[in-house]
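Since the structure comes first, as structure tokens, the remarks are kept for the end.
The values are calculated or read from the model by the stated rules, or taken from the named source; none is laboratory data. Keep in mind the model is a prediction, meaning the values are calculated, not measured. No Cβ is skipped: glycine too gets one built from the backbone with ideal geometry, and neighbour counts run over all protein chains shown. All accessible areas refer to the heavy atoms of the entire protein, side chains included, with ligands and DNA or RNA removed. Shrake-Rupley method; radii C 1.70, N 1.55, O 1.52, S 1.80 Å.
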Amino acid sequence: DLWAGRFAFWASVFYPYFIYYSAYFFRESLLSFLVTAVFYLLIRSGPPESSALSGPAPSGLLWAAGGLAGWMCLTNGAMSPAVALVALSAGFGVQLSTKAWRWKRFFAFCLPVVALVGVWTIRNLVVMRSFIPASSLVGIQMYWALTVPYEALGTDEQNRILGNPGEDTEFQRLASLPEAERNKAFQAAATRILKERPWAFIKDCAGRFF
């Protein structure tokens, strides 16, 4: 829809946090491309009855979308729930004539995701001797999200909460650990915070969503 595309464009132009992150060579720049590409390929794939398709077959487009979605999971583990929802919409969110086509689309999208994430999980087992699904940054992402208010991201308040390199704060102490130990330590700390204030977490999630 042209109107929706224009609205999304201008919202991105003036969204403060998007401006902050996209101004640097952070993963958000890559994620912006991946999210756009995944949804573009899903829309282009369409139902198999569509006569408006051009280029690769629908299953080929879904394989490509799944590969980019797996890349999304490896770039930012927090995207995994979103990728799961996209997988459901890829298979069951379009009008198809048979159940077999729905499952075919679902698996065409999911298999590349599982393959990419699986390869990286094996890499973690070999290199770090630890079972870490997808990215080893999941722990620090969880901790960061639970300790830094969304409106403080990228500000001096964030540095005050987390501390600067060399300061004796929990974040800096855990961040100095080796990769595998750091991931486990941050996950444990994030779990502790969740147990201490579960309703605050739910409230923050609801606030960000709405």
Report task. Kindly give the semi-axes, whole Å and largest first, of the ellipsoid equivalent to the range 55-210, taking each as the square root of 5 times a Cα gyration tensor eigenvalue. Result -> 35, 20, 13
Requested in this report: Report CYS205's accessible area, 1.4 Å probe, all protein chains in place, as a number in Å² to the nearest 10.
Outcome: 60 Å²
Query raised in the report: What accessible area per residue comes out for the range 102-210, rounded to a whole number of Å², with a 1.4 Å probe?
Result: 63 Å²
Report summary line: Diffing the range 77-89: the Karplus 3J(HN,Hα) column from phi (6.51, -1.76, 1.60, θ = phi - 60°), in whole Hz with x for Gly and Pro, holds x, 5, 7, 4, x, 5, 5, 4, 5, 5, 4, 5, 5
Requested in this report: Run the 1.4 Å probe and let me know the accessible area of ARG192, rounded to the nearest 10 Å².
Outcome: 90 Å²
Report task. Name the residues whose placed amide hydrogens come within less than 5 Å of the amide hydrogen of VAL148, ignoring near sequence neighbours (fewer than 5 apart) on the same chain. Result -> none
Query raised in the report: Based on the Cβ-Cβ distance of LEU85 and ASP168, what FRET efficiency does E = 1/(1 + (r/R0)^6) give at R0 = 45 Å, to the nearest 0.05?
Result: 0.65
**Report entry** Solvent accessible area, Å² - ASP156, 1.4 Å probe, full protein context
**Finding:** 130 Å²
Requested in this report: Once you have the Cα-Cα distance between ILE161 and ALA115, take 0.36 nm times their residue separation minus that, and quote the gain in nm to one decimal.
Outcome: 12.8 nm
Query raised in the report: Got a sec to turn the phi values of the range 170-179 into Karplus ³J(HN,Hα) couplings, 6.51 cos²θ - 1.76 cosθ + 1.60 with θ = phi - 60°, whole Hz, x for Gly and Pro?
Result: 4, 4, 5, 5, 5, 5, 7, 6, x, 3
